[in-house]
Amino acid sequence: MVALPISNGAEPAPKTSLTPCVLDDDPGQLEMIAEVIAHLGYEPIATADPEEALKLIRRGRCRLALVDVHMPGMDGYEFLDQALRSDPGVHIVLMTGDYTLDSALEAIRRGASDFLPKPLDRAHLKKTWMTSRRFTISGGACARSKSSC
């Protein structure tokens, strides 16, 4: 697990800040996603280990995760299922290089908040992050799951 610090003059995150988890087995993608989120004023926890990311979600440390679909050991769909079983209020965004309409619909049907094609476009990633962040902070993920968060 690698915690990347905020750098390059990023604004401090608001008091209602989330610690996002970034899960990807591609070191380049992992670093790029974490850097984009850090530039928005957040301190993401970047890891290539799905079990570590699940532990963070179970402990309540991460309320939002950006997760690659294709990873060795545990794919993104299995991660999504386990994360939502552990915490129905967690907000999961899946990402894949094999984006199809069917795969996007399957991800949303299973509870993903969004489904992004890779390679990720930085502008699209920023927009998705800001939307997901607002939804999660406002309690949208808790309201969606009808659980107390």
For segment 69-109, what does the alpha-carbon gyration tensor say about shape, rounded, prolate or oblate, given a ≥ b ≥ c as the root eigenvalues, a/c under 1.5 as rounded, and a/b over b/c as prolate?
oblate
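Order these peptides, 90-103, 60-73, by their mean beta-carbon neighbour count within 10 angstrom, highest first.
60-73, 90-103
Throughout, read-outs are computed from the coordinates displayed, never taken from laboratory work. Note that the structure is predicted; figures quoted are calculated from it, not measured. Ideal geometry is used to build each Cβ from the backbone, glycine not excepted, and the neighbour counts take in all protein chains shown.
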